[in-house]
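Q: Before anything else, here's the structure in question.
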Amino acid sequence: MAKIDDSVKKKVPELRFAGFADDWEQRKLGEVATLSSSKRIHLSDYVTEGIPFYRGSEISTGGITGNQELFISQEKFDEIKEKYGVPSEGDILVTAVGTLGNLWKVDSRRFYYKDGNLIQISKMQVNSDYLLTYFTGGIGKKRLLDSAAGSNQKALTMVKMREITIDFPSEDEQQKIGSFFKQLDKTIALHQHKLDLLKEQKKGYLQKMFPKNGEKVPELRFAGFADDWEERKLGDIVVKAIDNRGKTPPTSENDKYPLLEVASIGGYYPNYSKVTKFVNYNIFNSWFRAHLKKGDILFSTVGNTGLATLMDDNQDATIAQNIVGFRAKNSNVPEFLLQMFKLPSNLKKAKRIEMGAVQPSIKVSQLIEVQYLLPKCKHEQEKIGSFFKQLDDTIALHQHKLDLLKEQKKGFLQKMFV
């Protein structure tokens, strides 16, 4: 690829494949493609099996998601196809209501879709992979979303979308750009699939390596351990080390000491990229009731309750009043306790004592009375904690690779289009 000289005032992108130098053309979408919707399907036309019926909620950028649950009969499908037509392979569907601007390029599957939720782009005079990419990010995505009409709930309409201005190069350059992003999307999808498999794998191990309800031993266990697990109150397992409720400190955007809020926790360690507030030296040392130590477990008690994170060795961080810090006691292992909190059945226990509908909250005085099952043997806790630490590290590594790829795509979208 070649970078374009900024001093050359031509309608060309910053980054371009070698061998192309012509200005890009600008046309309205309605001049280079046909936009349409479809006939509504009534509830009485639904059947238990047949031709899949997709709505906007099942379309995401890159493909159809979710489990298909709605169908119409083959006879109904043939009737609609003959009278109104149905999407053909290569057409592009755009979500027009709710979450706007998700796109999917139709593959060879047979299906029907509901009008109003999706708008179909067909009979394109530009490369379909190019157009799909154009509306995925950058100026194309902005123009698509800016065309949405309505005050309370915005929606995309065919009338407005036909007026969207698109920029495009020659057919050969379109093909190169489309193929480039198609391959990049495949790589992203592959990494996403690997990440999803790892998360499912962890979910399976959590279910098998912790006892099920009513049982005292897990289904899957390290060799050498046979004793029943014991049920203990949380207050017997941890001490409430830090509770800053009622302490709302003055903050800034760029001081030394990060204030961890709910958005920053939920992973294995705090996510400092999500931190938006900081406190200065004086506030850090005089305002808070206590300070964090490595191995403390951060637990969200307000808003998105029940998130748990293990504190790393950042001695400069502190927690906001919607998080409480627990510290393991009686030889319990923090790495194990973190996974204990993350177990879905244990998360449900915490959710049961939530109060408030608009802004849920959990009283720590009630939480420490909740019963949890755990091994009596510290060594077994260490084994389980270490196992899940390695699994979480692998998940974090794949997540990092995926995030880098998505950022890379975002950069290309900004530089390879006018």
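Q: Suppose every K and R has +1 on its Cβ and every D and E has -1 on its Cβ; what is the size of the dipole of region 85-149 about the Cα centre, in Debye to the nearest 20?
A: Dipole magnitude for region 85-149 comes out near 80 debye.
Q: Quote to one decimal, in nm, the extra length available between Asn304 and Arg27 on full extension: 0.36 nm per residue of separation minus the C-alpha distance between them.
A: 95.1 nm
Q: Next question, about the same structure. Kindly provide the trypsin sites (Lys or Arg not before Pro) of region 250-306 that DSSP labels as loop, not H, G, I, E or B, and whose Cβ sees at most 14 other Cβ atoms within 10 Å.
A: Passing sites in region 250-306 are Lys256, Arg289, Lys293, Lys294.
Q: While we're looking at this one, here's another question. From the backbone phi of region 312-322, what are the Karplus-calculated ³J(HN,Hα) couplings (6.51 cos²θ - 1.76 cosθ + 1.60, θ = phi - 60°) in whole Hz, Gly and Pro given as x?
A: 8, 9, 6, 6, 8, 7, 9, 10, 6, 6, 8
Q: For region 4-158, with the dipole built from +1 on Lys and Arg beta-carbon atoms and -1 on Asp and Glu ones, taken about the Cα centre, which of Gln153, Tyr46, Leu103 lies farthest toward the positive end?
A: After comparing all options, I get Gln153.
Q: Right, another one. Mind putting a number on the dipole of region 173-259 about its Cα centre? Charges go on the C-beta only, +1 for Lys and Arg and -1 for Asp and Glu, and I need it in Debye to the nearest 20.
A: It comes to approximately 200 debye.
Q: I'd like to know which of Tyr205, Ala241, Leu220 lies farthest towards the positive end of the charge dipole of region 153-250, counting +1 on Cβ of Lys and Arg and -1 on Cβ of Asp and Glu.
A: My answer, from the dipole projection, is Ala241.
Q: With charges only on Cβ, +1 for K and R and -1 for D and E, what is the dipole size of the chain about its Cα centre, in debye, rounded to 20?
A: Rounded to the nearest 20 debye, it is 900 debye.
Q: Grab the beta carbon distance between Lys199 and Asn285, set R0 = 45 Å, and tell me the FRET efficiency rounded to 0.05.
A: 0.70
Q: Between Asn314 and Leu404, what length comes free when the chain is fully extended (0.36 nm per residue of separation minus the Cα-Cα distance, one decimal in nm)?
A: Residue separation times 0.36 nm, minus the Cα-Cα distance, leaves 30.0 nm.
Q: With a probe of 1.4 Å, find how much accessible area region 279-321 has per residue, and write the answer as a whole number in Å².
A: Each residue of region 279-321 exposes 41 Å² on average to a 1.4 Å probe.
Q: Another question about this same structure. Rounded to whole Å, give me the distance from the Cα center of region 82-158 to that of region 362-401.
A: Computed from Cα coordinates, the inter-centre distance equals 43 Å.
Q: Report the extension gain between Glu69 and Gln175 in nm, rounded to one decimal, defined as 0.36 nm multiplied by the number of residues separating them, less their alpha carbon distance.
A: 34.6 nm
Q: If you work out mean projected area of the Cα convex hull in nm² from the coordinates, which of (i) 27.1; (ii) 19.5; (iii) 22.4 do you get?
A: (i)
Q: Let me ask something else about it. Could you tell me which residue out of Asn322, Leu347, Val333 lies farthest along the dipole of region 301-348 toward its positive end? Charges go on the beta carbon: Lys and Arg +1, Asp and Glu -1, centred on the Cα centre.
A: Towards the positive end, the residue furthest out is Leu347.
The values are calculated or read from the model by the stated rules, or taken from the named source; none is laboratory data. Fair warning: this is a prediction, and the values are worked out from it, not measured in the lab. Heads up, the Cβs are rebuilt from the backbone with ideal geometry, glycines too, and the neighbour counts pull from every protein chain shown. For accessibility, only protein heavy atoms count, side chains too; no ligands or nucleic acids. Shrake-Rupley method; radii C 1.70, N 1.55, O 1.52, S 1.80 Å.
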